[in-house]
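Below: one structure, written as structure tokens.
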Amino acid sequence: MPQRIKKAVIPVAGLGTRSLPFSKCIPKEMLPVLETPAIQFIVEECTAAGIEQVILVTSKAKTAIEDHFDLNVSLDSWLKTRGKTALAEKMERLGRLCEVISVRQKEPLGLGHAILCARPILGNEPFVVCLGDEIFPPWTQRPPILTQLVEAFETQKASLVGVVQVERSESRSYGIINIGQATLSDRPVKILSTIEKPAPEKAPSHWAIIGRYVFAPEILDELARVKAGTGGEIQLTDGMDKLAAKGALFALKAEGSRYDMGNPFYFVKAQIDAALRRPEIAPQIQAYLESLCR
Ligand code: G1P
């Protein structure tokens, strides 16, 4: 039986150039949907999948993320003395959501390198990786793709990655998988190879890797051997390609909405979708949207 997955790695060291000037002083992972930062959706997605320990791979100027998951005793007691008990309890639950540990990625050497920075804490356990740009809020898919990947790992006993269909013209933005077939069912499918950000004419399929992965610990040995690839960086996709070559990597199709918070369209869509699910503002937002279409 494979071990139950308890650890998640969330790389958050990136500069977030797509979100400047916001991300000049504030981590891009703190971009909110209404009042909830993206990183909170991701950590909640992790705890819903049974994760107990989140390892942030971080860099300078990212301490706001660690503070967000800490207790703020003076804020909680201030809220309580003013009778805002429900809000105080909500803040306390956030501070106790799970254990959050940080390790530094001292040089920007790529996603594969970021995962390797967490190796001393990961030990020889399977783990999940969630990328901080993409969120799958609770309304998007039941059960969430991360939970499905964790459950599939328990039966499949091999590493898995969530994938979505993209236009071939978008291949330069993603890791693309080769599965030797055009369609995917609802079950995990063996991946034959993976390639990071290929030109459209070199893309082996329409299926793109999204930022949700479950790995057996052997990925760490593969990553330690990977040489700098696309963009001069140590690419996670190149380590995954080695697993695929051994028949030890599977893809699972993700359904529902995914929001790339660094993309202005998805950022705005996330606000609208969240607001339309909030009873106290939904009618006002809906009336406003309808007025734009008249
Ligand atoms: C990373 C990965 C890529 C994956 C993508 C998903 O790229 O390297 O394989 O498809 O995330 O968002 P990035 O977006 O960090 O350039």
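The values are calculated or read from the model by the stated rules, or taken from the named source; none is laboratory data. Just so it is clear, the structure is predicted and the values come from calculations on it, not from any experiment. Please note: Cβ atoms are built from the backbone with ideal geometry, for glycine as well, and neighbour counts cover all protein chains shown. Just so you know, the surface numbers come from the protein's heavy atoms only, side chains and all, with ligands and any DNA or RNA stripped out. Shrake-Rupley method; radii C 1.70, N 1.55, O 1.52, S 1.80 Å.
Check D241 against each of (1) in a strand (DSSP E or B); (2) open to solvent by less than 60 Å² (accessible area, probe 1.4 Å) and name the one condition it does not meet.
So D241 meets the others, but not (1).
Given the residues A282, A224, A274, A287, which is the only one that is open to solvent by less than 30 Å² (accessible area, probe 1.4 Å), more than 20 Å from E134 (Cα to Cα), out of contact with any His (no Cβ under 8 Å at 6 or more places or on another chain) and away from the ligand (no atom under 16 Å from the Cβ)?
Numbers: A224 fails: open to solvent by less than 30 Å² (accessible area, probe 1.4 Å); A274 fails: more than 20 Å from E134 (Cα to Cα); A287 fails: open to solvent by less than 30 Å² (accessible area, probe 1.4 Å).
Testing whether each residue is open to solvent by less than 30 Å² (accessible area, probe 1.4 Å), more than 20 Å from E134 (Cα to Cα), out of contact with any His (no Cβ under 8 Å at 6 or more places or on another chain) and away from the ligand (no atom under 16 Å from the Cβ) leaves just A282.
Which ones in the stretch 170-216 are within 15 Å of the ligand (Cβ to nearest atom), hydroxyl-bearing (S, T, Y) and over 17 Å from the mean Cα position of the chain (by Cα)?
Those that are within 15 Å of the ligand (Cβ to nearest atom), hydroxyl-bearing (S, T, Y) and over 17 Å from the mean Cα position of the chain (by Cα): S171, S193, T194, S205.
If only one of T81, T58, T63, T85 is open to solvent by less than 30 Å² (accessible area, probe 1.4 Å) and free of Cβ contacts under 8 Å to residues at least 60 places away in the same chain, which one is it?
T58
Taking only pairs six or more apart or across chains, which ones have beta-carbon atoms under 9 Å, a first residue in the stretch 233-260 that is under 12 Å from T194 (Cβ atoms), and a second residue that is among the basic types (K, R) and within 11 Å of the ligand (Cβ to nearest atom)?
What qualifies is Q235/K197; T237/K197.
With the checklist (1) open to solvent by less than 30 Å² (accessible area, probe 1.4 Å); (2) free of Cβ contacts under 8 Å to residues at least 24 places away in the same chain; (3) not small (G, A, S) in hand, flag the one item I51 doesn't pass.
For I51, the failing item is (2).
Out of all the residues in the stretch 254-271, which are modelled with pLDDT of 95 or more, basic (K, R) and within 16 Å of the ligand (Cβ to nearest atom)?
Those that are modelled with pLDDT of 95 or more, basic (K, R) and within 16 Å of the ligand (Cβ to nearest atom): none in the stretch 254-271.
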